[in-house]
Amino acid sequence: MKINKTVRAASVLLFLSLLLVSFQPVKADIESGQPDVIVAEGGTRNTYFPDVEKLQNGDLIVVYYDSLAHSSPSGRISMVRSMDDGLTWSAPVTVADSVYDDRDPSIMQTSDGTLLLSYFSTDLSQTPSQPVGTFIVRSNDGGLTWSSPVKVQSQFHSVANTSKIVELDSGDLLIPLYGKKTGHYWWKAFVSRSTDGGVSWSNEVEIQNPANASNFVEPALADLGNGHLMVMIRTGALSQEAHSYDNGLTWTTPVQTDLEAHASNLLVLDPGNPNSNILHMWGDYSDQFAFGRPVVGQIVQADGTPVSERVMMYAGHCNDESYPSSIRLDDGRIFTVYYDACAKHVGGTFSTVNDFMDYEAPTTYWDSATGKLDLWRMYANGNLQITTDMNYTPSYYEPHGAIDGNPSYTYSAAKVQTGEGAYWSIEMDQSYPISKIGVVLKPGYEETANIYLSADGVSWGSPVAAFDYVITNEMEYVVLNQPVYAKYAKVEIVESRGTDILAEFSLFVPADTGTAGAMLDQIEQYEQAGQINAVFADQLTYRLTTIQQLVSQNANTDAAAYLQDFLQTINAPSVLGQQLLSEMASTTLSAEANLFIRLIS
């Protein structure tokens, strides 16, 4: 029978290949796991808020906040250099270090070759601490030596800066700033101008806050030429966008976007072209991509209209990360730097414009390469519910801490020990064929736990995995002999010393889940086990081969319609009544078909 099905499948494939034209969609190359390169490491200190600039001689320079903590009297500005397009990086050198907390540096090179590095300093001896101002140091030798800092004079107080100075066609320089006005509660965003190469600054223009009900901070500028400037502004909620069409003398009323963004960075992709697209990168805290503040980007037109999907470039699963900065290399590639305080490094990722323009947002919750279910995205989209008594919530402890991608002790689900044990369970949007389970229990401490899977959340049966007084500092994986179709998963902490902890939990499906290949294998297995009638198995194989070919030709709408018909067939009362297939086979194939439909929809 296996030979007959193979011959029939080959015939169907040959027939359909004559009718349909081959088409393969282009996928993005951006990886969201590890950086391509490590630009700087914190060592006994840490790294924050990087900014990158490409010099006229081809060198890349990255400056960053070098400190013991996110805010510390030890804060200083350090710099590293690459002479090979970002592949390798020098040891850091200190550029600015005063008695204050010197932080949030940005660097740019003017047309005459001068390097201008801006940053702000905070007096942490005050309560509350306040910025003492924004400062600029300059270098005339490519960053080998630096001048003494000069304060940017302003009518505002507590003035800060987190983004690059831009040079206009006229030679004027604009620096985006934010600060306070005496008698006003909210932080204001404004732009200051220099007509002498950054020696002095004046002609401040405030970007008006229409609602005057939130802070306007961390403005980022892009110069599109012909007088057109774009600014993105961080607020306490959604980012604001505004434009100037007279080189920053006046600004449109800011418009609220739908972006929950920290520290935007705007890279003009075709400088000198007033219609150039812009790569907008930011630290995203919408929770839609990953836990923490992952680095996300999107290409937009000069008027701010998106022309690509939003793409996650890096996820450190950390509450203290991102602040991206991008430059364009001579070969057209884009190099983006960002920080991850949990990993204590500045990372760098190479990408291309096509990585954004050709990106296709995932339609499923599993990775087609590894089979890992994205439980966090499922949770963020409202398709995963957590039920637990592990509700201890100081600091970063949360019930969702077990699926946040961070396996450390403090980013966990936790329960103060009462001697009763603890439980943590999830209900997913539908059944999945679970083939592997990953878990980190209580890092550094022994803990006993059982893991269960269930189709209905009522019948749990025996544990699919058990841990007896083990210490798990990294993911421990359990591979199941056969996939178990489950909509529910549960971890029971049986015994622990002190607080019950579930640091991380993950589920995997076979990499070919939701494909015709997986369903063809299931039909063959059920036929061999006597749970599908041989003739009926041939009919199902024929249908699935047709569907498989349609998908390979990108005819997904037709394939989905065939799959709906397939579902109706295997669930028809007459089919079950004639015992053409067992209830177990029908349930399994139905679950897989639903996953298949999701994959191609």
Pick from the stretch 379-403, criterion within 21 Å of Val295 (Cβ to Cβ) and hydrophobic (A, V, I, L, M, F, W, C), ranking: modelled with the highest pLDDT: Ile403
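Would you mind stating whether Ser125 is within 30 Å of Trp186 (Cβ to Cβ) and either outside the structural domain of Lys344 (by TED's automatic domain parsing) or out of contact with any strand residue (DSSP E or B) (no Cβ under 6 Å at 6 or more places or on another chain) (or both)?
On the way: within 30 Å of Trp186 (Cβ to Cβ): yes; either outside the structural domain of Lys344 (by TED's automatic domain parsing) or out of contact with any strand residue (DSSP E or B) (no Cβ under 6 Å at 6 or more places or on another chain) (or both): yes.
Yes, satisfied.
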Residue list for the stretch 124-162, restricted to those being free of Cβ contacts under 8 Å to residues at least 40 places away in the same chain, crowded, with 19+ Cβ neighbours inside 10 Å and among the hydrophobic types (A, V, I, L, M, F, W, C): Val132, Phe135, Val159
Within the stretch 293-335, considering residues that are small (Gly, Ala, Ser) and closer than 22 Å to Asp374 by Cα, the one nearest to the chain's Cα centre (by Cα): Ala315
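Rundown of residues vs (1) among the β-branched types (Val, Ile, Thr); (2) surrounded by fewer than 17 Cβ atoms within 10 Å (Cβ to Cβ), yes/no style:
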{"site": "Asp196", "(1), (2)": "no, yes"}
{"site": "Glu204", "(1), (2)": "no, no"}
{"site": "Ile207", "(1), (2)": "yes, no"}
{"site": "Pro219", "(1), (2)": "no, no"}
{"site": "Leu224", "(1), (2)": "no, no"}
{"site": "Ser239", "(1), (2)": "no, no"}
{"site": "Trp251", "(1), (2)": "no, no"}
Pair list, Cβ < 7 Å and 6+ apart or interchain, from the stretch 452-464 residues that are assigned by TED's automatic domain parsing to the domain that holds Leu480 and assigned to a strand (DSSP E or B) to residues that are surrounded by 15 or more Cβ atoms within 10 Å (Cβ to Cβ) and charged (D, E, K, R): Tyr452/Lys490
Residue under evaluation Leu87, criteria (1) closer than 22 Å to Tyr323 by Cα; (2) in a strand (DSSP E or B), criterion not met: (2)
Residue satisfying all of: in the stretch 63-99; surrounded by fewer than 21 Cβ atoms within 10 Å (Cβ to Cβ) and among the hydroxyl-bearing types (Ser, Thr, Tyr); farthest from Val137 (Cα to Cα) among these: Thr88
Some residue of the stretch 291-304 being over 20 Å from Val80 (Cβ atoms), surrounded by 23 or more Cβ atoms within 10 Å (Cβ to Cβ) and out of contact with any strand residue (DSSP E or B) (no Cβ under 8 Å at 6 or more places or on another chain): yes
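Restricting attention to strands (runs of 3 or more DSSP E) lying wholly within the stretch 476-593, give those where 2 or more residues are assigned by TED's automatic domain parsing to the domain that holds Ile437 and surrounded by fewer than 17 Cβ atoms within 10 Å (Cβ to Cβ). Show your work before the answer.
On the way: elements: 476-496, 500-502, 504-508.
Result: 476-496.
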Subset of the stretch 133-143 that is part of a loop (DSSP other than H, G, I, E, B) and under 35 Å from the mean Cα position of the chain (by Cα) - its residue that is farthest from Thr122 (Cα to Cα): Gly142
Unique residue being assigned to a loop (DSSP other than H, G, I, E, B) and out of contact with any strand residue (DSSP E or B) (no Cβ under 7 Å at 6 or more places or on another chain) when the list is Asp169, Asp112: Asp112
Residue pairs meeting the criteria (Cβ under 7 Å; at least 6 apart or on separate chains; first under 25 Å from Gln528 (Cβ atoms), in the stretch 556-584; second surrounded by fewer than 15 Cβ atoms within 10 Å (Cβ to Cβ) and among the charged types (D, E, K, R)): Leu576/Glu583
Test for Ser395: is it in contact with a strand residue (DSSP E or B) (Cβ under 6 Å, 6 or more places away or on another chain), surrounded by fewer than 23 Cβ atoms within 10 Å (Cβ to Cβ) and not aliphatic (A, V, I, L, M): no
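The values are calculated or read from the model by the stated rules, or taken from the named source; none is laboratory data. All values derive from a computational prediction rather than experimental measurement. Here the Cβ is made from the backbone with ideal geometry for all residues, glycine too, and neighbour counts use every protein chain on show.
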